[in-house]
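**Q** Have a look at this one.
Derivation of every value follows stated rules applied to the coordinates shown; laboratory data play no part. Just so we're clear, the structure is a prediction, and the values are computed from it rather than from any experiment. Using ideal geometry, Cβ is built from the backbone for each residue, glycine included, and neighbour counts are taken over all protein chains shown.
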């Protein structure tokens, strides 16, 4: 009888502890609809940003010669997502651009048309500036990169959607449409 009571209490404790779910993190920040002046749908950013956090800050950096720009989504002091655009030689393979990040593999998957590569932690895409040959003295094309860093949430399908949307938005940059 003594052991039966002890086993019943132990079984109840195990059952009760197994039912409790960890608390879901809560986001106290709003997901933005643009990054450093480039429109990006919040529903495409949201799956890659941390599930919780208090503060989201957008930080922009660019070169004086306008050869590159970076934009970082910083959550609670840690970079969660980074966005870059940069000029590269004409017909540079997006996979080479993706490999400029030595610690992050961004080229697990490739689009059928070869214009972008991506993985669960980011990607790179050629931007379709028209006319291509008229830009940067006919020597360079515009490329975009995205990196998902901790505390961001890796997700290859979400990266692909965001990369395609971001690349399309960059086609409207003054640097891209100058003739």
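**Q** Starting from 0.36 nm per residue, how many nanometres of slack lie between residue 59 and residue 150 once their C-alpha separation is accounted for?
**A** Net length gain for the segment: 31.1 nm.
**Q** What distance in nm separates the simple spin-label points at residue 175 and residue 34, each placed 7 Å from Cα in the Cβ direction?
**A** For residue 175 paired with residue 34, the spin-label model returns 1.7 nm.
**Q** Going by C-beta contacts inside 10 Å, put 128, 69 in order with the fewest on the left.
**A** With the fewest neighbours first, 128, 69 line up as 128, 69.
**Q** By how many nm would the segment from residue 168 to residue 112 lengthen if fully extended, with 0.36 nm per residue of separation less the alpha-carbon distance?
**A** 18.5 nm
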